[in-house]
Every structure is written in structure tokens, then in C-alpha cells.
Amino acid sequence: MKKAVAHLLPYIEEEKLRSGDAAKNAGKILLATVKGDVHDIGKNIVGVVLACNNYEVIDMGVMIPADKILKEAKEREVDMIGLSGLITPSLDEMVHVANEMKRQNFEVPLLIGGATTSKAHTAVKIAPQYDLPVVHVLDASRSVPVAGNLLTKDKLVRTEFFENLKEEYSKIRIQFEQKKAHKKMISIAEARENKVKIDWNTTNIVKPTFTGKKILEDYPIADLIPFIDWTPFFSTWELAGKYPTILEDKVVGVEAKKLYNDARTMLDKIVAENWLQAKGVFGFWKANSDGDDIKLKNEDGKEFKTLHSLRQQGKKAAKVPNLALADFIAPKTSNIEDYIGAFAVTAGIGIEEHVERFEKDHDDYNSIMIKALADRLAEAFAEKLHKMVRTEYWGYAKEENINNEGLIREKYRGIRPAAGYPACPDHSEKETIFNLLKGEEIGITLTESFAMLPTAAVSGLYFANEKSKYFGLGKVEKDQMEDYAKRKGKPIEECEKWLRPNLNY
Ligand code: B12
């Protein structure tokens, strides 16, 4: 890891020194984050590391449609294409790019990376679309040896690398089919029979202090800093370890401390010179569950919006329920009024001018630093607002007294599942959340893949029930998807697109 970090930092320094140096003869690589996806920190770090290993890197940026990527690749006669993506909808887009590369007779390797990608998905879904090497790369430091093996002048090494890859990926496809075949699943009817049992008559339902939505305009960044979870910050720089112990780590401590000090210095500037603005919108609505759906009601109790939840369908051990988020809201049949909340926050407003300023100076270090900090601040805003909701705005946990460590470990009552996370993997539910909150009023917009802009943004729902907990949906069967599509009033094919990794068929 020290090497990786040592690996990253000197590169970034060196890149600044040598930018524009023509000796980039290891090969020409085109990088892009696919259509509908806004995430670029990961891609940028890969670009810096490859550029410092004498690759000419053409970085097209984010939200790039397949035809544009392939047109640019042809015109620039690149030796390799690299795709990045953070959210599930991007996986289908990567399959589409590979398919188009075959249709257009491309003859260059394809690299796949990003938080949502995996070797399994690449082997099972992307590689079969294209006859040339398609390689999943876990992180930046591995992109160098992979690129080297794929572009080396030594034909033997290239061929051997591709043969080994083909063998490895075909094994993964067989394992995937076997796992799917052996996965013990139950019907959606049985799963609903085994839902979590809550006695609503004895459940203490607290009425929020208001219903409808509230905007937090220009929330003080300084007030968010104490809520920062620093551990993911260090993993962005490929430094593994938990904060704060990582600062004293024998191997990476020195690097971690340098990074942390630079980050604190930049945070001081962000606050003193108002580099970033944080805005949030949140609210509460009367609600009752209706099967696996959650019906929201306006002031006069009329249903006006529906959120759709999915239920775990894997066979569970005795006394273990098959969960769905709707279980945590009182059912209509209980005749008990319950409530649900929703939120969207960002800390990325104003970031562009600073990123442009750093990139103009070929200062990748600070360009990545401000993006990583904006992400941390967005997550900190979500954490702080949830605390204010529990103790004040909704007020179902007024006595709560938890420090930041406890908050990061979710030691509080209630949950804030973010759309796209394992309990609600369907990103398209963000459409309903944003209709409810009017996120555009605070400058957050959705892409066609329901990613949010500014990138440093988080959105989700609030559940107060003391039995509510985070869970992974896991795999679902066709019977539930047919029912889900009917409830959403959408063709099943469209619903399947948003839930591809969860389909067990
Ligand atoms: C930090 C983080 C965030 C940050 C910022 C993310 C970012 N990078 O822009 C914030 C807080 C803003 C965020 C928000 C959200 N997130 Co988030 N996030 C994460 C987290 C914890 C780490 C991702 C990260 O930044 N890693 C650090 C960077 C440097 O790594 P990386 O992007 O993976 O890139 C490295 C490699 O993948 C590789 N690589 C990347 N690209 C490429 C390209 C090529 C060609 C190559 C060779 C290699 C390569 O090299 C890079 C450097 O090593 C992951 C969980 C995880 N452990 O991965 C969840 C995760 C990615 N987030 C998730 C979700 C759902 C969201 C939200 C939709 C939640 C919500 N409803 O608000 C939002 C979306 C925001 C938006 N704008 O639309 C889900 C995605 C699930 C899915 N499959 O769709 C994850 C997987 C969490 C989970 N367990 O479900 N998130």
C-alpha cells in the first residue's frame, strides 16, 4: 500500500512536471465514464497513473455515449479503451459499448473499472460481447501491468495474457451458472408470508414536527466537517486502513498524515474562501404500506405518491424474515397513520471553477483532493441531517447521544437507505424521490441513469421504526419482477434493466 500511495503521489507530482512531454510511447489509451454516470475520481486516478507510465491518456470525461467514445477512439487511433462506472445502470451501458465495438470491427482491448464493476460481471456479461480482450481492473495500481501485457510489442506475452484471461473468465462463467442454479430461492408469495412481524398496536409512532418539505440553503460547510467519515477518503487514494489509526500506521502512516494535513488545509480554504456550497432538501409525509409498496398521503389523507420496495427472495433460516423496506411502515390494514421521510443533499455546488483552475495548472493532486473532499462533505451532510431529523425535525430520538464514531457505525434508531444501495438497488426510484423533493430547486439534477449532479450528492429515505434495519435485497425471481413491473406500471424489460445484478434468471 505504501508503494501504491508512494506510487500515486510521486506520479501526480511527476505528471505536473512532465505534462505535455511527448515521450508517451507505451500506447494511447482513451478513458471515459459511460453515458448517464457522473463519477470520475476513480477514472482520473487511473489516468494519472497510466500517464506516468508513458501512456498517452485521452480522458473524455463523464456521461459519454457509446457512439462518441467509439468515434473518438477511431479518429485518435487509440490502442486501448477504458470505461468507468459507479452505479448499476452503467453496467448495461458497458455491455452496449462492447457490443458496438464488435459491430464496428474494433481491434483494441477494452478495460473495465469502477466501484460498481466486478470481474464476475465483466466475465459473464461484457467479455462475451467482444472477441478481443476485455479486462476488469480492480484499481489504478493494477492498470499498469494489465496495460503492459495487453500492449507489449512482445506477441508471445500478449497472446499468453489473453489465453490466460479467456480461461479464467470462462471458469467464472461456469461458476456463475452453477451458483445461480444452486441458490435456494422461494416464491414471492412465500417470501411475503415470511415478512418481518411488527405489532403496530404497540409500536410507538412519532408524528414529525412538520409534513411536506424543507430546504436548507447554503448550509455551513464548517458545521459538516465534524461529521466527516475519513476512512473512505483514504481508500480513494488507495490507502487501506481505518481512520484515525491509519495516521499512525507503520507502512502508510507517513503518507496518510501528509494526505490528511493537505486535506485539512484545503478544508480551511474551502470554508474561508467559500469554495463549496452545501444545500439540502428533506421532508416527511403520512404513509402506509400496501403490500410491498409505500403509499404517501397529502394533508387531507389522499394518496398522491407511491414508493416501490423489493423483497428478499432467498430461502432464509428459521425465524429469519424475508425483508422489504415497506415492512417498516404501518400497513393500510392497521388503520394506524405512519410517516416516511426523504432527503437529498449536496456539497458540490461551486466545485467546477476550482477543478478547472487545478486542471489548468495540471494539478491533478488538488483536483482529485477537492472532489474527494466534496464527496466526504456530502456524506457528512447526509449524516448530520439524519441526526437532526432523529433528534429534532422528526424528533423520535430526542435523547440520542452518539459520537461521530457511533454515527458511522449506525448506532442509532431508524435507517436512511440511499436509493441504489443494497436494500433498494433500483436507482429509478430516485425519480419518485426527486419528484417529491424537487431536488432541482437546490441545484441537484438527475441524469438518464438517475445519477445525481453535482456528483458529490446523496439522496434517500428515512424510516423511524425501531425494527427498521439495513439489509441486502440479494437475488429476485421472475414472479416478483412481473409483480414489481405491474406495480410500477412499467414494462418488465425496463425494470429488469435497473436491477440486472439482482436477477436470478
Ligand atoms: C465514496 C462513495 C460515494 C461518494 C462519491 C463517489 C465517487 N467516487 O464519485 C458519494 C458520497 C458522493 C457517493 C454517492 C452515491 N453513491 Co456511493 N459509494 C462510494 C463508495 C463508498 C466508494 C467509491 C469510491 O469513490 N471509491 C474510491 C474511488 C477512487 O474508487 P473507484 O471509483 O472504485 O475507482 C477505482 C477503481 O474502481 C478503478 N477504476 C475506476 N474507474 C476505472 C476505469 C478504468 C478504465 C480502469 C482500468 C480502472 C478504473 O481504479 C480506481 C482507482 O483505484 C462505494 C462503495 C465502494 N466501496 O466502492 C459506494 C457506492 C459506489 N455508491 C453507491 C451508491 C448507490 C451511491 C448513490 C446513488 C447513493 C444515493 N442514493 O445517494 C450516490 C450517487 C451519487 C451521484 N452523484 O449520483 C453504490 C453503487 C451501487 C450500484 N451498483 O449502483 C456503492 C457501490 C455502495 C453500495 N454498497 O451499494 N458514493
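The values are calculated or read from the model by the stated rules, or taken from the named source; none is laboratory data. The structure presented is a predicted model; accordingly, all values stated were derived computationally and were not measured. Please note: Cβ atoms are built from the backbone with ideal geometry, for glycine as well, and neighbour counts cover all protein chains shown. All accessible areas refer to the heavy atoms of the entire protein, side chains included, with ligands and DNA or RNA removed. Shrake-Rupley method; radii C 1.70, N 1.55, O 1.52, S 1.80 Å.
From helices alone, the chain scores -12000 deg cm²/dmol at 222 nm; the rule is -39500 (n - 2.57) for each run of n ≥ 4 DSSP H residues, then divide by the residue total.
Need one word for the range 32-85: rounded, prolate or oblate. Basis is the Cα gyration tensor (sqrt eigenvalues a ≥ b ≥ c); a/c below 1.5 gives rounded, then a/b vs b/c decides. Cα axes put the range 32-85 in the oblate bin.
Sorting 205-211, 45-51 by their mean Cβ neighbour count within 10 Å, with the most densely packed peptide first, gives 45-51, 205-211. Between Glu303 and Lys398, the simple spin-label model (points 7 angstrom out along Cα→Cβ) gives 3.4 nm. With a Förster radius of 51 Å applied to the beta-carbon distance between Tyr421 and Lys155, the computed FRET efficiency rounds to 0.70. With a Förster radius of 22 Å applied to the beta-carbon distance between Ser187 and Lys497, the computed FRET efficiency rounds to 0.40.
Both radii are taken from the alpha-carbon atoms of the range 167-215; with Rh as the Kirkwood radius, Rg/Rh is 1.37.
Residues whose amide H comes within less than 5 Å of that of Glu400, counting only those at least five positions distant or on another chain, are absent (H built at 1.01 Å from N in the peptide plane). The listed peptides 79-90, 165-176, ordered by packing as a protection proxy, come out as 79-90, 165-176 (highest mean of other Cβ atoms within 10 Å first).
Model label points for Glu177 and Lys258, set 7 angstrom from Cα along the Cα-to-Cβ axis, are 5.0 nm apart. The GluC sites (Glu not before Pro) of the range 265-340 that DSSP puts in a loop, and whose beta carbon has at most 15 other beta carbons within 10 Å, are Glu273, Glu299, Glu337. Less than 5 angstrom separates the built amide H of Lys315 from those of Lys184, Met185, Ile186, all sequence-distant by 5 or more or on a different chain. Working from the alpha-carbon coordinates of the chain, get Rg over Rh, Rh being the Kirkwood radius. Rounded to two decimals, Rg over Rh is 0.98. Of the two radii for the range 137-287, the radius of gyration is 1.15 times the Kirkwood radius, both from the alpha carbons; that is the Rg over Rh value.
With N counted as the residues of the range 466-505, its alpha-carbon radius of gyration over 2.2 N^0.38 Å works out to 1.30. Distance from the alpha carbon centroid of the range 435-486 to that of the range 173-248 works out to 11 angstrom.
Placing R0 at 25 angstrom, the Cβ-Cβ distance between Glu273 and Arg409 gives a FRET efficiency of 0.15 after rounding to 0.05. I need the shape label for the range 390-433. Rule: rounded when a/c is under 1.5, else prolate if a/b > b/c, else oblate, with a, b, c from the alpha carbon gyration tensor. Since a/c reaches 1.5 but b/c is at least a/b, the shape of the range 390-433 is classed as oblate. Multiplying each eigenvalue of the alpha-carbon gyration tensor of the range 217-344 by 5 and taking the square root yields semi-axes of 43, 24, 9 Å, largest first, rounded to whole angstroms.
Under 5 Å from the amide H of Tyr243 lie the amide H atoms of Thr231, each residue being 5 or more positions distant or on a separate chain, with H modelled from the backbone and absent for Pro and chain starts. Taken per residue, the accessible surface of the chain reaches 44 Å², heavy atoms only and a 1.4 Å probe.
Translational diffusion of the range 66-208 was estimated from the Stokes-Einstein equation, with Rh taken as the Kirkwood radius over Cα pairs; at 20 °C and 1.002 mPa s the coefficient is 120 µm²/s.
Sorting Glu431, Glu75 by accessible area puts them as Glu75, Glu431; the probe is 1.4 Å, largest comes first, and only protein heavy atoms count.
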